[in-house]
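Undergrad: My structure is below; once you've seen it, I'll send some questions.
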Amino acid sequence: MKSLNDIRLAQLAGSLYLLLIPMGIFGIMYVPEFVHVAGDAAKTFTNLTDYETVIRFSVLSAFAIQVVQLFLVAALYYLLRPYGAVAALFMLLFTLVSVPIAMLNEISNLAALLIIRSDGLSDLFSSEQIQATALFLLQLHEQGIMIAHIFWGLWLIPMGYLVYRSDFLPKIIGVLLVIAGVGYCVDTLTFFAFATDEYLIAQYTFLGEVLLPFALLWQAFKARRLR
């Protein structure tokens, strides 16, 4: 990584990847898991009512993640393409598939919020039926996340291969990215095969995703100092 363009791409990719971490924790992990109380429609409905603003910000965060993801994969594509054009193309394609899935999936959360604000529904359905519908929509959102989950894993596998082949990033990060990608894919398979989230492993295999942005920023910093 010697050209000024590569340095800028590495800085951009590293910064965007770091930005994804807090937004992902807030918008995809913490808020949905906090609001959705499994098997308790009444408590879930109460959370929807009490934390509506927080939920709306989590939806906005989920949207922002997908926009950032587009710019991130574009930067990584041009930065890593010299180390494998086909792998870089697959990395790009898997991301382009995941983005609309993840964005459209937020409709379930928005529909759940519409239910709690709809006065007309209370005249047609009982409170128990409305609460059960809200819980169903949040469960549907969880299913949609797991569909996107597999593409979040698939894009990491060619990326890991490219990082491993690169001449400026540690090969161990490439290996860890492939492991993280496999973890996401396994999660989707076990989630739908066994209808449970008890066997999810991606939460233990994501180390490569945390190390990559720091490695990109460090290499860009070193390259700038040598210019």
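The values are calculated or read from the model by the stated rules, or taken from the named source; none is laboratory data. For clarity, every value in this text was computed on a predicted model and none was experimentally measured. Neighbour counts are summed over all protein chains in view; Cβ atoms, including those assigned to glycine, are modelled from backbone coordinates with ideal geometry. Heavy atoms of the whole protein, side chains included, go into the accessibility calculation; ligands, DNA and RNA do not. Shrake-Rupley method; radii C 1.70, N 1.55, O 1.52, S 1.80 Å.
Undergrad: What is the local net charge at Ile25, summed over the other residues whose Cβ is closer than 15 Å to its Cβ (Lys, Arg +1; Asp, Glu -1)?
TA: Within the 15 Å Cβ shell, the charges total -2.
Undergrad: Need one number: nm distance between label points at Ala64 and Val97, each 7 Å from Cα along Cα→Cβ, rounded to one decimal.
TA: 2.9 nm
Undergrad: A further question follows. Between Arg8 and Ile107, how high is the FRET efficiency from 1/(1 + (r/R0)^6) when r is the Cβ-Cβ distance and R₀ = 41 Å? Nearest 0.05.
TA: Working: r = 36 Å, r/R0 = 0.88.
Step by step, r from the Cβ atoms, then E = 0.70.
Undergrad: A follow-up question, please. Specify which residue in the list Leu80, Cys185, Ala112 is farthest towards the positive end of the charge dipole of the chain, using unit charges on the beta carbon of Lys, Arg (+1) and Asp, Glu (-1), about the Cα centre.
TA: Checked the options; the winner is Leu80.
Undergrad: What does the convex hull of the alpha-carbon atoms of segment 32-166 project to on average, in nm²?
TA: Details: hull surface 34.7 nm².
So the Cα hull casts an average projection of 8.7 nm².
Undergrad: Right, here's the next one. Let me check I have the definition right: for segment 33-101, take the eigenvalues of the Cα gyration tensor, multiply each by 5, take square roots. What are those semi-axes in whole Å, largest first? Let's see the in-between values first.
TA: Working: eigenvalues 285, 31, 11 Å².
So the equivalent ellipsoid measures 38, 12, 7 Å along its semi-axes.
Undergrad: Volume per residue, Å³, of the convex hull around the alpha-carbon atoms of segment 92-160? Could the numbers behind the result be given before it?
TA: Working: hull volume 4.6 nm³, N = 69.
Value for segment 92-160: 67 Å³ per residue.
Undergrad: Considering every pair of different Cα atoms, what Kirkwood radius, in Å, is found for segment 1-64?
TA: On the way: mean 1/r = 0.0727 Å⁻¹.
So the Kirkwood estimate lands at 13.8 Å.
Undergrad: Same structure again: GNM, the chain, Cα, under 10 Å: largest mean-square fluctuation among Phe192, Phe90, Phe26?
TA: Comparing Phe192, Phe90, Phe26 in the GNM, the peak value goes to Phe192.
Undergrad: How large is the charge dipole for the chain, taken about the Cα centre, if only the Cβ atoms of Lys, Arg (+1) and Asp, Glu (-1) carry charge, to the nearest 20 debye? Don't skip to the end; give the middle numbers.
TA: Numbers: 12 positive and 15 negative charges, 340 e Å.
I would put it at about 1640 debye.
Undergrad: Cα atoms only: what Rg and Dmax, in Å, come out for segment 120-227?
TA: Cα only, segment 120-227: 20.5, 71 Å (Rg, Dmax).
Undergrad: Please compute the modelled spin-label separation between Leu189 and Asp50, points set 7 Å along Cα→Cβ, answer in nm with one decimal.
TA: If labels sit at Asp50 and Leu189, their model points lie 4.0 nm apart.
Undergrad: Working from the pairwise distances between different alpha carbons, so that the mean of 1/r is found and then inverted, what is the chain's Kirkwood radius in Å?
TA: 18.8 Å is the Kirkwood radius here.
Undergrad: Based on DSSP H runs of at least 4 residues, each adding -39500 (n - 2.57), what is the mean residue ellipticity at 222 nm of the chain after dividing by all its residues, to the nearest 500 deg cm²/dmol?
TA: Values: 10 runs with 186 residues, N = 227.
Helix contribution divided over all residues of the chain: -28000 deg cm²/dmol.
Undergrad: How many angstrom lie between the C-alpha centres of segment 141-159 and segment 171-189?
TA: 11 Å
Undergrad: What's the magnitude of the charge dipole for segment 38-134 around its Cα centre, counting Lys and Arg as +1 and Asp and Glu as -1 at the beta-carbon? Answer in Debye, nearest 20. Provide the component values of the computation, followed by the final result.
TA: Details: 4 positive and 7 negative charges, 112 e Å.
So the dipole magnitude of segment 38-134 works out to roughly 540 debye.
Undergrad: Taking only protein heavy atoms and a 1.4 Å probe, what accessible area per residue, in Å², does the chain have with all protein chains in place?
TA: On the way: 11780 Å² over 227 residues.
Accessible surface, normalised per residue, equals 52 Å².
Undergrad: Sorted by accessible area with a 1.4 angstrom probe, largest first, how do Met29, Met23, Met103, Met146 fall? Could the numbers behind the result be given before it?
TA: Working: Met29 105, Met23 35, Met103 70, Met146 10 Å².
Accessible-area ranking of Met29, Met23, Met103, Met146, largest first: Met29, Met103, Met23, Met146.
Undergrad: Roughly what % of Cα-Cα distances in segment 167-227 sit above 20 Å, to the whole percent?
TA: Numbers: 779 of 1830 pairs.
So the portion of pairs separated by more than 20 Å is 43 percent.
Undergrad: By how many degrees, 0 to 90 and rounded to 10, does the Cα axis of helix 127-154 deviate from the longest principal axis of the chain?
TA: Relative to the chain, helix 127-154 is tipped by roughly 10 degrees.
Undergrad: Once you have the Kirkwood Rh of segment 66-130 from its Cα pairs, apply Stokes-Einstein at 10 °C and 1.306 mPa s and quote D in µm²/s.
TA: On the way: Rh = 14.8 Å.
D = 108 µm²/s.
Undergrad: Also, quick follow-up: Would you mind putting 113-125, 172-184 in packing order, based on average other-beta-carbon counts within 10 Å, highest first? Spell out each step's value before the answer.
TA: Working: 113-125: 12.3, 172-184: 21.5.
Listed from highest to lowest mean packing, they are 172-184, 113-125.
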